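Asks: Have a look at this one before I ask anything.
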Amino acid sequence: MLTALSLACESTPDLAATMRLQIPALAWHMTGAGVWQRTFHLHGQGIRVRVEADRGGLQFSFRTGTDEELLRDLLIATFRNGEQVGAMALTGHPALRALRRHHQGMILLAGSPFETLVLAVLAQARPAAAVRKVFPRLAAECGGLTPRRLSELPLPRLAQLVRPLGEVKASRLHATAAILTRRGATAFDRPIGGSDSHALNYLLPSLPGVGTHTAAIVMAIVNDVPDTVPIDQHLMRVAYRLGLTDHDGGLTKPGSRRVAADLLAYGPDVARAHPLIQHVAYDTCTASTPDCRRCFLAESCRYAARTRVMPGPVRV
Ligand code: SF4
């Protein structure tokens with residue numbers, strides 16, 4: 001039986017941006033104009049879910065039996081009950097207000113700790129399109145990603161699946177899955193979901209292939225009220241140019257901590273919104289030549305004001 005689920009949103013959802021800018025979205029792929037799909041594995045059974053947007057919110061469709069209620073809860077949690085960037089507390093700086101306005105229809109996705117960790121590792125230095133090809137095959141092979149199922153997958157098979165993203169990731173993920181299986185699911189999920197600083201500083205970075213940046217990404221996605229911001233040189237550059245921080249001293253540990261603290265002073269929603277700032281870094285705010293004339297943040301940007309660059313007609 002085909003089941004439909006509607007999730008109401010305050011304003012028309014921007015599903016394209018929702019799926020373009022975030023790590024949990026890498027589990028989804030586009031199957032037609034504006035239609036996205038992924039498979040959830042509940043109790044080992046794969047259930048394909050489609051989602052599309054209309055003016056009132058998100059429309060999901062799937063076939064399921066006894067697990068229908070569980071899947072509904074999972075979808076609502078993944079799409080954070082339809083909460084959009086437009087409703088977030090991004091108010092303490094003109095650039096944050098401009099980000100909120102520009103991305104008002106976007107929904108910031110949530111994810112389970114282990115799946116988010118696997119996606120974050122797969123996405124390290126690799127394009128989204130490549131991750132979107134590898135992830136569904138990996139999840140299907142495991143019958144759903146859990147540390148135990150991933151650790152039970154023979155390493156040569158895992159290496160074969162992950163090869164397009166770099167073979168070294170297979171041995172790292174395999175070792176991580178084995179460590180977490182030995183420790184038990186709760187010993188991982190609880191501290192990660194509980195915004196525990198020990199998890200951020202020790203537990204996650206102690207896992208093979210997980211550095212401080214990947215650890216911070218996982219914590220910022222999994223927690224509703226994150227207390228960390230993933231800082232890399234791109235986010236640091238944009239935050240400095242916008243005037244969200246005065247630190248431009250390079251990507252050292254103390255420097256990253258300082259920028260994260262400056263951003264968190266605007267509230268935890270800035271941490272959740274970090275993909276929006278990150279996207280500016282790749283789009284207009286490149287290291288060598290920021291394209292301020294094309295940037296929607298120009299009117300609220302310290303760098304653009306200093307260089308007297310304001311938005312103008314874009315020539316194509
Ligand atoms: S206005 Fe220019 S400097 Fe400011 S964020 Fe945009 S591209 Fe970067």
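The values are calculated or read from the model by the stated rules, or taken from the named source; none is laboratory data. Predicted, not measured: the structure shown is a model, and the values here were computed from it. Because the Cβ atoms are built from the backbone with ideal geometry, glycine has one as well, and the counts that use them run over all protein chains shown.
Asks: Kindly establish whether Gly209 is on the phi > 0 side of the Ramachandran plot, small (Gly, Ala, Ser) and not assigned by TED's automatic domain parsing to the domain that holds Arg172.
Replies: On the way: on the phi > 0 side of the Ramachandran plot: yes; small (Gly, Ala, Ser): yes; not assigned by TED's automatic domain parsing to the domain that holds Arg172: no.
No.
Asks: Here's something else I'd like to know. Out of Thr39, Thr91, which single residue is among the β-branched types (Val, Ile, Thr) and outside any strand (DSSP E or B)? Give the derivation first.
Replies: On the way: Thr39 fails: outside any strand (DSSP E or B).
When all the criteria are applied, what remains is Thr91.
Asks: With the structure loaded, tell me whether Thr91 is β-branched (Val, Ile, Thr), more than 16 Å from the ligand (Cβ to nearest atom) and farther than 27 Å from His274 by Cα or whether it fails that test.
Replies: Working: β-branched (Val, Ile, Thr): yes; more than 16 Å from the ligand (Cβ to nearest atom): yes; farther than 27 Å from His274 by Cα: no.
For Thr91, the condition - β-branched (Val, Ile, Thr), more than 16 Å from the ligand (Cβ to nearest atom) and farther than 27 Å from His274 by Cα - is not met.
Yes or no, residue by residue, for (1) touching a helix residue (DSSP H, G or I) at 6+ places or on another chain (Cβ under 7 Å); (2) within 15 Å of the ligand (Cβ to nearest atom):
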site: Gln233; (1), (2): no, yes
site: Arg258; (1), (2): no, no
site: Asp269; (1), (2): no, no
site: His274; (1), (2): yes, yes
site: Asp283; (1), (2): no, yes
site: Ala298; (1), (2): yes, yes
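Asks: Just one of the numbered conditions (1) outside any loop (DSSP other than H, G, I, E, B); (2) without any contact (Cβ under 8 Å) to a residue 12 or more places away in the chain is not true of Thr66; which one?
Replies: Of the numbered conditions (1) outside any loop (DSSP other than H, G, I, E, B); (2) without any contact (Cβ under 8 Å) to a residue 12 or more places away in the chain, the odd one out for Thr66 is (1).
Asks: Let me ask you something else. Criterion first (at pLDDT 95 or above, outside the structural domain of Gly44 (by TED's automatic domain parsing), surrounded by 21 or more Cβ atoms within 10 Å (Cβ to Cβ) and out of contact with any Lys or Arg (no Cβ under 8 Å at 6 or more places or on another chain)) does Ala120 satisfy it? Break it down into steps so the answer makes sense when it comes.
Replies: Values: at pLDDT 95 or above: yes; outside the structural domain of Gly44 (by TED's automatic domain parsing): yes; surrounded by 21 or more Cβ atoms within 10 Å (Cβ to Cβ): yes; out of contact with any Lys or Arg (no Cβ under 8 Å at 6 or more places or on another chain): yes.
Yes; evaluated as a whole, the condition is true for this residue.
Asks: Moving on to the next point. Given the structure, is Arg149 in a helix (DSSP H, G or I) and surrounded by fewer than 17 Cβ atoms within 10 Å (Cβ to Cβ)? Talk me through it step by step, then tell me what you get.
Replies: On the way: in a helix (DSSP H, G or I): yes; surrounded by fewer than 17 Cβ atoms within 10 Å (Cβ to Cβ): no.
Judged against the criteria, Arg149 is not a match.
Residue-by-condition table, conditions (1) in a helix (DSSP H, G or I); (2) touching a Lys or Arg at 6+ places or on another chain (Cβ under 6 Å); (3) crowded, with 21+ Cβ neighbours inside 10 Å:
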{"position": "Thr12", "(1), (2), (3)": "no, yes, no"}
{"position": "Arg48", "(1), (2), (3)": "no, no, no"}
{"position": "Gln59", "(1), (2), (3)": "no, no, no"}
{"position": "Leu70", "(1), (2), (3)": "yes, no, no"}
{"position": "Arg97", "(1), (2), (3)": "yes, no, no"}
{"position": "Leu109", "(1), (2), (3)": "no, no, yes"}
{"position": "Phe114", "(1), (2), (3)": "yes, no, yes"}
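Asks: Residue check, Gly184 against (1) under 22 Å from Tyr202 (Cα atoms); (2) of a type outside the set (D, E, K, R); (3) free of Cβ contacts under 8 Å to residues at least 24 places away in the same chain; (4) surrounded by 15 or more Cβ atoms within 10 Å (Cβ to Cβ), all met but one. Which one?
Replies: Unmet for Gly184, out of (1) under 22 Å from Tyr202 (Cα atoms); (2) of a type outside the set (D, E, K, R); (3) free of Cβ contacts under 8 Å to residues at least 24 places away in the same chain; (4) surrounded by 15 or more Cβ atoms within 10 Å (Cβ to Cβ): (4).
Asks: Assuming Ala215 fulfils every condition listed in (1) in a helix (DSSP H, G or I); (2) near the ligand (Cβ under 9 Å from one of its atoms) apart from one, which condition is it?
Replies: Of (1) in a helix (DSSP H, G or I); (2) near the ligand (Cβ under 9 Å from one of its atoms), only one is false for Ala215: (2).
Asks: Okay, moving on. Right, Arg241: within 16 Å of the ligand (Cβ to nearest atom), surrounded by 17 or more Cβ atoms within 10 Å (Cβ to Cβ) and outside the structural domain of Ala77 (by TED's automatic domain parsing) or not? Give the steps one after another, and end with the answer.
Replies: Values: within 16 Å of the ligand (Cβ to nearest atom): yes; surrounded by 17 or more Cβ atoms within 10 Å (Cβ to Cβ): yes; outside the structural domain of Ala77 (by TED's automatic domain parsing): yes.
Taking the combined requirement at face value, the residue satisfies it.
Asks: Still on this structure, I have one more. Taking Val229 and the conditions (1) of a type in the set (A, V, I, L, M, F, W, C); (2) in contact (Cβ under 8 Å) with a residue 24 or more places away in the chain; (3) in a helix (DSSP H, G or I), which numbered condition does it fall short on, given that it satisfies the others?
Replies: Val229 satisfies all of (1) of a type in the set (A, V, I, L, M, F, W, C); (2) in contact (Cβ under 8 Å) with a residue 24 or more places away in the chain; (3) in a helix (DSSP H, G or I) except (3).
Asks: Out of (1) more than 26 Å from Pro24 (Cβ to Cβ); (2) within 13 Å of the ligand (Cβ to nearest atom); (3) touching an Asp or Glu at 6+ places or on another chain (Cβ under 7 Å), what's the single condition that is false for His247?
Replies: (2)
Asks: Pick out the one residue from Ala16, Ala25, Ala53 that is within 18 Å of the chain's Cα centre (by Cα), surrounded by 20 or more Cβ atoms within 10 Å (Cβ to Cβ) and among the small types (Gly, Ala, Ser). Walk me through it before giving the result.
Replies: On the way: Ala16 fails: surrounded by 20 or more Cβ atoms within 10 Å (Cβ to Cβ); Ala53 fails: within 18 Å of the chain's Cα centre (by Cα).
Of the residues listed, the single one that is within 18 Å of the chain's Cα centre (by Cα), surrounded by 20 or more Cβ atoms within 10 Å (Cβ to Cβ) and among the small types (Gly, Ala, Ser) is Ala25.
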